[in-house]
Each structure stands twice: as C-alpha cells, then as structure tokens.
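What follows is calculated from the coordinates using simple rules that are stated; it is not laboratory data. Quick caveat, the model's predicted, so the values are computed rather than measured. We place every Cβ from the backbone using ideal geometry, glycine too, and count neighbours over all the protein chains shown.
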Amino acid sequence: MTEDFLKSLRINKYEFSREGSVEYALNAYMNNSWPIVYIIKNDQVGEAYIGESTNAISRMNNHLANKERLRLKDLLVISCDKFNKSAVLDIESNLIQYMSSDSKYKLQNGNAGLVNHNYYQRDQYKVLFDQVWEHLRSEKYATNPLSRIDNSDLFKYSPYKSLNSDQHESILQILELLSRDKENTIFVEGGAGTGKTILAVYLMKLLKTDIREHHLDESDATYSEEIKKILAFKEKFPNPKVALVVPMTSLRKTLKKVFSKVKGLSGSMVIGPSEAAKEEYDVLIVDEAHRLRQRKNITNFGSFDETNHRLGFDKYEGNELDWILKMSKHQIFFYDEGQSIKPSDISIDRFKKQKWSASLMKLTSQMRVKGGIDYIRFINQLMHEKFDPNQLIFESDSYDLVVYDSLTELYSDLKKKESEFGLCRLLSGYSWEWKSAKADVPDITIEGLNLKWNGTNEDWINSPNAINEVGCIHTTQGYDLNYTGIIFGEEIKYNPETNQIEIDASKYKDKKGKQGIEDPVLLQEYIINIYKTMLLRGILGTYIYVCDEGLRAYFKQFIPSKK
C-alpha cells in the first residue's frame, strides 16, 4: 500500500500571481475539488504560508486579495490521488510544525485550530509526509532532516504544536475567561510532561496574532470555536499587552531564542518576574510558576526588597506571585506543586490560598514520556514507597527503564544513545560540591570516573560539551531529553528496617537548597521532587545508577537491571 501512496505523489510549482493562476487552474486536483496541501513562499524575504483546501482555486483568489500573502511569489501544490480531508489536515499540520522549526522561512500562519486527529491509515500518510519533506529538501525549500528538527528547541517549544484534546479544551476555557468583563486568575495544573510549556507558548502566539489576517482556509468545528473565542478577546483587547514570564534563567534564555525566530513574536516577550514588576500588562502567562520566589535563600535581597517597597508590599512577606497579580489584569499560571524543589520557591500553602479564588484547569495526558501514564504512576509509587507486595518489575515496550550496578557502564550506554538519538544527558542529585567552578578539578569521582558539573547555567542541555558533563536540576527542569542517565547521590538512602527512603542532610551540598530548613520532612520532600522531576525528563528512556546499596537493592526489586 505504501508504494501506491508514493506513486501518485506530486509537488508542482507555479507562479503565485493573477497571471500564474491561468496555469495552476489547469492542475487536475485543484480544479476538481480534490484535497490538496499548498505552500506559498518567497525566498527573498524568507516567508511562507502553508494551507490545505478542497476548493483550491477559490482559496488562491482569497490569498491573492490578502496584502500579507501578496509578499509571496511561488506556489507549491502537493497532491496525491490517495489524499482525503483528514490526511491533508494532518500533512498541513506537520508541515507547519516542521517548516516553522526548520527556520528557512518565517511562517505567516496563525496557530488557531491546530489539534491532533487520528484517522484511517495514518501510518501510511506518515511515510508519505517523510517523502514530501525529502522532496522539499532536495529542491532547497527545506534545510534540515526531520530527525535534527525533532531535537531542536524551536520544534520542542514551537507555537505551532498540534494540541491534544485536554490541551485544546484548556485553551477554549482560557479564552472564554479572558474575554469576560471581570479580571481573572487562572491556574493550569499538570505534572511533568503534560505540555504546560507547549500550551503557554501556543497561547502567546494565539493572543498576539491578528486572526482575521492569518486564517483563510476552510474551518472545521474545532477551528471555528477557537476563532470565535479569540475574536471576543480581541474585541476587549485589540492590541493586548502580553508577556510570558519564565522564572528560570536557562529556560527563559532558550524561549527567547525560540520567540525571536517566530513571525509575530519576539524575544522581548519572554521576561523574568522582576521585569514583570516594572510595567502593567493585560495578560501575564507564567510558565513553571512553582519556581516563583519568596524572600528566602536568594542572592539578590536588595533588588527584591526594592521591588516589594515600590509595589507596596511588606519587605519580608511580598513575593513574585504578588508582583504578577498586581501588575496584570489577567494571570495564567502553569503550575505543578510536585516540582517545587527549594526553599526560595513560594510555598504550596501560599499557592493553595491563591487558588481558592482562581479558575482551575487540569492537564492529564502525558506528552513527553513514551511510557505514558503507567510510567508516571510507577515513578510516584517508587519514590513514595507505595508498592503492594505483589508489584511486578516495570515492563514497557515503549520505554527503556534500567538500573545499573556500574556508572561506567551506564555512561557508556548513554553515549551510545547520544550518537543514535542526540539529547542524551547525565544528571545527578546535588550530592557533590561544585569545585570545578573555581578550579580545574573533578566534582564527582565514582569507579575512577571523573566528572564535572555543568559548565554553564544557561541552556546547558544544548551546550557543546554537555554529554561530557553532569547536569543538575537547575539546568534541566523544564527541558526534554531523549535518554536521561541519573546518579542518585549519597544524600538519598533506603532503610530496609523501616522500608522507607531517607535523606542524609549532611551530604546534600546545595547550600541555598537547605539553608534555614528546620523540618527534615520538608527537605526530604524537596529532594524527592528533584529526583522525580529528573526521572520524568527522558522521552525514550531513563538509566539509573544509585550510590547507596540499600536504595539500589530497593530499586532493583521493581526496575529491570542491566544484564
């Protein structure tokens, strides 16, 4: 069947103009109401528009009446006698995602209505899309192979990502709330990998796009509902002042780069909490809201105190959550209490108090980890000793989870995965001092293997030497990896007499992460959250090495061991 699909695949090029319409009107698929996908582009200005239609001639006439589209010069018509409406919607969606991330063109497309659809023989059309992409590359209409784009930040954090059903339902609810007369605080809660950052970026693009200028293709029910709600928002805020607040420096820098490459967005729209406190906004979208800070164990008390004073908050009680609430009419917090990892994070109790008067939404679908909800549930049970006596060893055809007796062997296997997939990184709990920051010495030595902590705090995941270093939670939270190697350090142990995981605070070396914590239960909660967060970074698999023999033995009861 795949060969039959490929035989009739055609990509025809025409001049995009009134004069050129005489030629493309003769295309058998275009003038017979057959589903097609098209790309309108201009290599000189580096812009393109991607669409699909079952009424292509009329659709081109609409485009020719659009001033933005008139900047474009060439029309590529992608046709196949096996196309149906579902297939072209899927191919259009994939082209938008990959071409926007390939960076040869900035897309004129808006991003409303991009939702995943399943349909008959979708796997066959995936092969067809691969062929379309290779043809585009051969004609210099695209640059990078799909595998390289898959690992890029521009793809992972693209505002053109297709949403799943619960993500899209959240978008509709958010738009409904934003268009009401009263001001709103919205919390979107979800665990690691449920697509919170994707949704935040999607929403930024949606709110900053003039929908009437960017969408001319036939609408389906999903698209129509989203357009209706975004137009209601635009009536209230014709040119909304919106920003994406990202508390973590590394992720903020990454997202600034992504925004700078998307038409209609800019890096200046991604800000830190202190920037959000300087001027008023219509909407502030806060990603990784659990990392907003309070006045505890921070390095810049002076500027923190000055901001509290300027905004009228108590010097000791005011925090970054208060700043955002005061400086915006609407706030959208993407939040996961299970990823709060240090004392400077605003307390869960403070967030709970705020949520009493807020609108709440929940994301449940697992977007990152191929092991899905079963893996997430397994990790929660593992790290909170909640297995019953009949618990079986974790098995999954879609996820590679292994515990190692040798770190050297784990690291060797991880480097092989790096050669095959890329984006494979070794991470660790903060069980060793960061000596290499001051001298050229190893930080971690195990089995004669000398390792150093991450050499940069900004965008370490993508830094050239990352595979030869060890990342900490502060440089990896919020990122996706293909495979993760994790060292469970000397600060976390297992007591076989009590059948409980325990923490040795004396061996936890993150000074800011434990200073002032008098309750050992709270410190344990932070450290458990750190390891859980790291265990949920890997898309394809997680390799584990454990320093404490008791904890390793506990893990090996439930996790496959390296043969």
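Pairing the Cα long axis of helix 520-535 with the longest principal axis of the chain, what angle in degrees results, from 0 to 90 and rounded to the nearest 10?
Helix 520-535 and the main axis of the chain meet at about 40 degrees.
Cα to Cα, under 25 Å, and not fewer than 8 places away if on the same chain: which lysines meet these conditions relative to residue 556?
Output for residue 556: 370, 386, 415, 416, 417, 493, 507, 532.
Can you give me the angle between helix 122-138 and the longest principal axis of the chain, using Cα atoms only, in degrees from 0 to 90, rounded to the nearest 10?
The helix 122-138 is inclined about 80 degrees to the chain.
Please state the shape class of region 354-511: rounded when a/c is under 1.5, otherwise prolate if a/b exceeds b/c and oblate if not, all from the C-alpha gyration tensor.
rounded
Can you tell me, using C-alpha contacts under 8 Å and at least 6 residues apart, the relative contact order of region 372-556 as a whole percent?
It rounds to 30 percent for region 372-556.
Which angle between 0 and 90 degrees, to the nearest 10, do you get for helix 221-236 versus the longest principal axis of the chain when only C-alpha atoms count?
Between the helix axis and the principal axis of the chain, the angle is about 80 degrees.
Once phi is turned into θ = phi - 60°, what whole-Hz ³J(HN,Hα) does the Karplus curve with 6.51, -1.76 and 1.60 give for every residue of region 424-434, x standing for Gly and Pro?
Those phi angles translate into 10, 9, 8, 10, 8, x, 7, 9, 9, 5, 8 Hz.
Taking amide H positions as placed 1.01 Å from N in the peptide plane, with prolines and chain starts having none, which residues 5 or more places from residue 115, or on another chain, fall under 5 Å of its amide H?
163
Find the lysine pairs in region 2-148 meeting two conditions, Cα atoms under 19 Å apart and a separation of 8 or more places or different chains, and report how many there are.
Lysine pairs, 8 or more places apart or on different chains, close enough: 19.
So if I take the centroid of the Cα atoms in region 339-377 and the same for region 437-462, what is the distance between those two points in Å?
30 Å
Explain nothing, just compute: Karplus ³J(HN,Hα) = 6.51 cos²θ - 1.76 cosθ + 1.60, θ = phi - 60°, for every residue of region 152-165 in order, whole Hz, x for Gly and Pro.
7, 5, 5, 7, 5, 10, 5, x, 9, 5, 6, 8, 8, 5
Among all stretches of the chain without exposed chymotrypsin sites (Phe, Trp or Tyr not before Pro) (DSSP loop, at most 12 other Cβ atoms within 10 Å), which one is longest?
That would be 357-563.
Just check region 455-563 against the gyration tensor rule for me: Cα atoms, a ≥ b ≥ c as the square roots of the eigenvalues, rounded for a/c under 1.5, and otherwise prolate or oblate depending on whether a/b exceeds b/c.
oblate
Could you check the spin-label model distance between residue 140 and residue 358? Points 7 Å from the Cα along Cα→Cβ, value in nm.
With each label placed 7 Å out from Cα toward Cβ, I get 5.1 nm.
How large is ³J(HN,Hα) for each residue in region 497-510, as worked out from phi by the Karplus curve 6.51 cos²θ - 1.76 cosθ + 1.60 (θ = phi - 60°), to whole Hz, x for Gly and Pro?
Residue by residue, region 497-510 yields 6, 9, 6, 9, 6, 10, 10, 9, 4, 5, 9, 9, 9, 7 Hz.
Using DSSP to define loop residues, name the GluC sites (Glu not before Pro) in region 498-563 whose beta-carbon has at most 10 other beta-carbon atoms within 10 Å.
When the GluC sites (Glu not before Pro) of region 498-563 are filtered for loop state and at most 10 Cβ neighbours within 10 Å, 518 remain.
Normalised by the number of residues in region 2-148, what is the relative contact order in percent for Cα pairs under 8 Å and 6+ residues apart?
This gives 27 percent for region 2-148.
Which far-off residues, 5 or more places away or on another chain, put their amide H under 5 Å from the one on residue 488, with H placed in the peptide plane?
Correct list: 545, 546, 547.
Taking a ≥ b ≥ c as the square roots of the Cα gyration tensor eigenvalues, with a/c under 1.5 meaning rounded and otherwise prolate when a/b beats b/c, else oblate, which class fits region 383-472?
Here region 383-472 falls in the prolate category.
Which label belongs to the value computed from this structure, given these candidates for mean projected area of the Cα convex hull in nm²: (1) 24.2; (2) 25.5; (3) 28.1?
Matching the structure shown: (3).
What number, in percent, do you get for the relative contact order of the chain if the mean sequence gap of Cα pairs under 8 Å and at least 6 apart is divided by its residue count?
Relative contact order, the chain: 13 percent.
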